[in-house]
Amino acid sequence: MTQHKKTPATPEEEAAVEYVRHTQEAAADIPGLPEVDPAWRPVRAAVVGAGTMGGGIAMALANAEVPVTLIDRGADNLARGIERIKANYASSVRRGRLEQSVADRRMGLITPVADLAAVADADVVVEAVFEEMHVKQEVFRALDRHVKADVLLGTNTSALDIDAIASATSGPDRVVGTHFFSPAHVMRLLEVVPGAATGPATLAEAMALGRLLGKVAVRAGNSHGFIGNAMLFDYRREAFFVVEEGAFPSDVDRVLTDFGFAMGLFTMTDMSGLDLGVDSKRKAIATRPKDRRYTDLGLLLVDLGRLGQKTGAGWYRYEPGDRTAHRDPEMDREIVAYSARIGIERRKVSDEEILKRCLYALVNRGAWLVEQGVAAKPGDVDAVYTTGYGFPKTKGGPLYWADSIGLSTVLADIERLHEEHGVWWEPAPLLVRLARDGATFTGPSAGAKQGETE
């Protein structure tokens with residue numbers, strides 16, 4: 001699968017890239033937050049959980065010259081985590097991206113410890129354990145017995161309720177969501193998610209921590225999936241729907257990469273692994289609402305043992321030692337059979353339909369998130385999607401791109417999709433208002449919170 005990296009070539013693309021730069025900077029502008037001294041930095045940080053995410057967060061801290069204690073109760077997990085960090089630094093040195101002396105110094109800033117009590121001297125603690133509520137609550141109950149009174153407690157959750165996690169502590173005002181993206185030492189996006197009890201000083205310090213680590217820190221509301229994953233859920237659902245209806249993963253990925261994404265959705269899923277969260281997905285089937293269509297296509301691959309690159313087969317097949325995605329006729333046949341089993345007669349799905357259903361899903365959900373205050377302003381939606389989810393910066397982000405098409409045109413298509421496909425496509429009230437007023441998401445009046453135009 002060819003990957004594209006597009007550079008600005010036209011005035012329109014240059015304007016879009018400049019807009020993205022502005023949104024990334026403006027994401028830090030949160031009215032009413034107390035100021036944090038620009039020289040602020042933790043004397044020591046701690047990361048709980050030495051898995052891929054925890055190790056990456058520890059590296060991000062060490063790369064900013066912050067001493068960090070990496071904690072995991074499992075000695076084997078801790079050893080694997082440290083070896084993974086060493087391998088990451090060694091790879092950077094081998095590729096000429098880092099001097100050996102710098103890698104050695106950063107490695108020396110990371111101290112592995114198997115005792116949670118080692119958080120006692122940390123100014124900042126980031127929890128990065130398994131994405132299960134009861135597991136995180138158990139960790140926070142334990143942290144509560146050891147941390148300093150004024151510690152910043154971050155939870156690296158991608159979708160869980162911050163209030164429920166914070167309820168496990170005696171100081172919920174110190175708890176904030178710190179959603180890093182994998183690999184955490186490379187990816188620039190950090191979603192900072194305050195709960196109902198999160199103190200203003202805690203939120204301000206979490207935003208300052210993001211800046212210290214060189215991240216684009218974006219405040220997101222405490223709603224399932226926050227900004228980025230809430231949009232990803234809709235994007236992925238529509239991609240799966242069009243595959244159930246007649247497209248193949250390679251068709252969808254080709255359309256997305258031709259648009260400008262560095263990688264197609266199905267290629268990306270093969271990289272991350274198809275078994276992530278599979279137990280919770282199966283449990284959710286029994287309780288989900290009956291008024292809309294769902295897709296369980298992703299579970300098909302788990303049942304087939306095709307878990308992505310790590311097993312040599314997912315949506316695509318992979319040769320040993322090579323991450324190149326190859327279209328797999330065997331998988332295509334499984335998809336055709338799956339469509340028949342769920343009662344869908346396959347048809348030709350055009351490239352235009354693939355693009356609209358995938359990207360308009362992003363636009364509509366982004367508009368809903370601004371309407372609901374989960375995203376403070378449209379620019380935050382675009383900052384999240386261009387920084388952390390591969391949306392091409394030369395297109396400016398989903399909402400900027402929708403503006404370039406014309407919101408009345410976008411709304412007409414979404415209303416048609418709503419009529420054809422039901423409740424998932426209910427148009428966001430903000431989109432409806434802006435389209436009917438001849439306004440835009442990103443124009444002069446677009447920054448008004450929750451879609452209130454000037």
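Where a number appears in this text, it was derived from the coordinates with a stated rule and is not lab data. Treat the numbers as computed from the prediction; the structure is a model and nothing was measured. Quick reminder, even Gly has a Cβ in these numbers, built from the backbone with ideal geometry, and neighbours come from all protein chains shown.
Projecting the Cα atoms of LEU304, LEU190, ALA149 onto the charge dipole of the chain, computed from C-beta unit charges around the Cα centre, puts LEU304 farthest toward the positive end. In the chain, a dipole from Cβ-located charges (positive for Lys and Arg, negative for Asp and Glu) runs towards its positive end, and of GLY32, ALA201, ALA118 it is ALA118 whose Cα lies farthest in that direction. The residue among SER170, THR324, LEU212 whose Cα reaches farthest toward the positive pole of the charge dipole of the chain, with charges on the beta-carbon of Lys, Arg, Asp and Glu, is THR324. Counting other Cβ atoms within 10 Å as a rough exposure proxy, the listed residues MET263, MET231 run MET263, MET231 from fewest neighbours to most. Of all beta bridges that DSSP places with both ends in segment 31-219, some 20 percent have antiparallel geometry. Report, to the nearest 10°, how far helix 200-212 tilts away from the longest principal axis of the Cα atoms in the chain, using its own Cα long axis and a range of 0 to 90°. Orientation of helix 200-212: about 80 degrees from the principal axis. Residues TRP401, TRP425, TRP40, ranked from the fewest to the most other C-beta atoms within 10 Å, line up as TRP40, TRP425, TRP401. Which entries of LYS356/LYS377; LYS215/LYS393; LYS290/LYS310 have Cα-Cα distances beyond 26 Å here? Long pairs (Cα-Cα over 26 Å): LYS290/LYS310.
Close amide H partners of VAL47, meaning residues 5 or more places away or on another chain with modelled amide H under 5 Å apart, are THR69, LEU70, ILE71, VAL126. In degrees between 0 and 90, to the nearest 10, how far off the longest principal axis of the chain does helix 228-245 point, with axes built from Cα atoms? Result, in degrees: 40.
Listed by Cβ neighbour count within 10 Å, with the fewest neighbours leading, ILE405, ILE285 appear as ILE285, ILE405. The length gained on full extension between ASP150 and VAL113, counted as 0.36 nm times the residue separation minus their Cα-Cα distance, comes to 11.1 nm.
Around the Cα centre of segment 31-219, unit charges on the Cβ atoms of Lys, Arg, Asp and Glu (plus for the first two, minus for the last two) sum to a dipole of about 720 debye. Modelled spin labels at ASN77 and LYS348, positioned 7 Å past Cα toward Cβ, are 5.3 nm from each other.
If you take all other residues with their beta carbon under 9 Å from the beta carbon of VAL129, and give Lys and Arg +1 and Asp and Glu -1, the sum is -4. Model label points for GLU65 and GLU420, set 7 angstrom from Cα along the Cα-to-Cβ axis, are 5.7 nm apart.
With both labels modelled 7 Å from their Cα along Cα-to-Cβ, the GLU132 to LEU299 distance reads 1.9 nm.
Bridging of LYS281 to aspartates and glutamates at a Cα separation below 16 Å is possible for GLU131, GLU132, ASP234, ASP296, ASP303, once same-chain residues fewer than 8 apart are set aside. Each peptide in 29-36, 332-339 gets a packing score, the mean of other Cβ atoms within 10 Å over its residues, and the list from highest to lowest is 332-339, 29-36. Taking the Cα centre of the chain as reference, the dipole from Cβ charges on Lys and Arg (+1) and Asp and Glu (-1) amounts to some 860 debye. For PRO183, the shell of other residues with beta-carbons less than 14 Å away shows a net charge of +4, using +1 for Lys and Arg and -1 for Asp and Glu.
For the listed peptides 216-222, 143-149, a ranking on the average number of other beta carbons within 10 Å per residue, highest first, reads 216-222, 143-149. Over the chain, DSSP H runs of length four or greater, each weighted -39,500 (n - 2.57), average out per residue to a 222 nm ellipticity of -14500 deg cm²/dmol.
The rule of thumb for compact globular proteins, 2.2 N^0.38 Å, goes into the C-alpha radius of gyration of segment 318-454 1.27 times.
Given a Förster radius of 22 Å and the C-beta distance between GLU245 and ARG288 as r, what FRET efficiency does 1/(1 + (r/R0)^6) yield to the nearest 0.05? FRET efficiency, GLU245 to ARG288: 0.65.
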